[in-house]
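The values are calculated or read from the model by the stated rules, or taken from the named source; none is laboratory data. Model, not experiment: these values are computed from the prediction. Backbone-built Cβ (ideal geometry, glycine too); neighbour counts: all protein chains shown. These area figures cover heavy atoms from the full protein model, side chains too; ligands, DNA and RNA do not enter into them. Shrake-Rupley method; radii C 1.70, N 1.55, O 1.52, S 1.80 Å.
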Amino acid sequence: MSAARRFSPDLAGRLAGAGLLAATGATHLELYLSGYRTIPTIGPLFLLQVVSAFLLAVAVAATTSWAVAAVAAGFAITTLGGYLLSMSVGLFGFEEVPTAAGAVAGVLDLTAFGVLAAVAVARAAAALRRRRGDTA
């Protein structure tokens, strides 16, 4: 098998998505360790987000499942939604203030969503073509 065949656009997308999930998980870990762990409810949720991000990153990199990519995309966009909600009206009594780290995490989440959604759609389309017996 040629090197080009082994490193497909699908693999590149999965690795990019996994890397983005790991980056957002690392950003949230840094925030958790730098003080968010002391915030009631939000602290444990940050830790849950960190663990989930890294587990999903491994799953996305290790599988070709469209469903795993879709779940990871959903995770990324809901993480961004939680951040935006905490900035606008508050979340569990906590109101986020705009910071550079928050902006970086938001961009990472949005980018991860885009990449992982594209991977999920491409994998689902490929699975549908295989079921139909299409070769293209």
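Evaluation of Glu96 against the conditions (1) open to solvent by 30 Å² or more (accessible area, probe 1.4 Å); (2) in a loop (DSSP other than H, G, I, E, B) shows that the sole unmet condition is (1). The selection criterion, being at pLDDT 90 or above and either of a type outside the set (A, V, I, L, M) or surrounded by 16 or more Cβ atoms within 10 Å (Cβ to Cβ) (or both), does not hold for Ala62.
Among the residues making up the stretch 40-54, those that are open to solvent by 40 Å² or more (accessible area, probe 1.4 Å) and over 10 Å from the mean Cα position of the chain (by Cα) are Pro40, Thr41, Pro44, Leu45, Leu47, Leu48, Val51. Which of (1) at pLDDT 90 or above; (2) over 16 Å from Leu15 (Cα atoms); (3) surrounded by 15 or more Cβ atoms within 10 Å (Cβ to Cβ) is the odd one out, the single condition Gly81 does not satisfy? Result: Gly81 passes all but (3).
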